[in-house]
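Since the structure comes first, as structure tokens, the remarks are kept for the end.
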Amino acid sequence: MTLAIDHTAKGCFRIECASAEECCADFVPNENCEAYRENCEIDPIFCNTYRNLCECNQECVDEVCIAAAPGCSDDAECTSLQTPYCVDGRCRQCNADSSCPGTGTQCVEGVCMAACARDENCPLLHACQDSACVDVGCRSDRECVFVTGDALAACQDGECRVPCDADTDCASEEERFQVCEQGQCVFVGCESDVECRAYLGLESQSDDARAVCR
């Protein structure tokens, strides 16, 4: 069965910001910020309080606001046991592999991550490269059969896909808003922002997030 809906090349995007300033538009500093700032100037150990309560720690990444680590100028300002190192102006978990706890971990962009020694340490369709698990995708249909457990699975553009015969084959909870296109379940696309609101679940919102079809 084929549904009466056309596939489009447009996608749905959640838009919250164009800059960090937009993410901080509603930020209200603590009423004691002047005292916190003075304490920070006297002793860096108090700077973490000032950074958290008096500065907006939000970044705009891919048009979405995300929480950012508090700012810093040196390690002395990073008083949290979880993020004791100042790296590129932000308090981070580590600044070198040696600063990560235990063995078999490495510091990647200020975060301690488990290192791998062989492919078996990584998820399926990942390989161990330079001690890190890297998504390499599938290389054959046989791999996908074993990974998915479906004898009809095929490897296309590095991804395992299970073929479909009709749009109704793409009606599971994991495949909502998909249609059968050339034997594969693909996102139906969009024609309006209203459709994207439904797709992204943006209703009765209290923030500034909006749905855009483009």
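The values are calculated or read from the model by the stated rules, or taken from the named source; none is laboratory data. The shown structure was predicted, so the numbers you read here are calculated from the model rather than taken from an experiment. Reconstructed Cβ throughout: ideal geometry from the backbone, glycine too, with neighbour counts over all protein chains shown.
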Q | Scan of region 124-165 for residues that are within 20 Å of the chain's Cα centre (by Cα), assigned to a loop (DSSP other than H, G, I, E, B) and modelled with pLDDT under 90, ordered by number | A | none
Q. Could you give every pair whose Cβ atoms fall below 7 Å, whose first residue belongs to region 82-110 and is on the phi < 0 side of the Ramachandran plot and at pLDDT 85 or above, and whose second residue is assigned to a loop (DSSP other than H, G, I, E, B) and charged (D, E, K, R), counting only separations of at least 6 or pairs across chains?
A. 86/74
Q) Is one or more of the residues making up region 188-199 within 30 Å of residue 27 (Cβ to Cβ) and either part of a loop (DSSP other than H, G, I, E, B) or of a type in the set (Ser, Thr, Tyr) (or both)? A) yes
Q.
Condition first: free of Cβ contacts under 8 Å to residues at least 40 places away in the same chain and either surrounded by 11 or more Cβ atoms within 10 Å (Cβ to Cβ) or touching a Pro at 6+ places or on another chain (Cβ under 7 Å) (or both). Now tell me which residues in region 166-191 satisfy that.
A. 169, 170, 171, 175, 176, 177, 178, 183, 184, 185
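With surrounded by fewer than 16 Cβ atoms within 10 Å (Cβ to Cβ), free of Cβ contacts under 8 Å to residues at least 60 places away in the same chain and in a strand (DSSP E or B) as the only criterion, which of 45, 66 stands out? Outline the logic, then answer.
On the way: 45 fails: in a strand (DSSP E or B).
The match here is 66.
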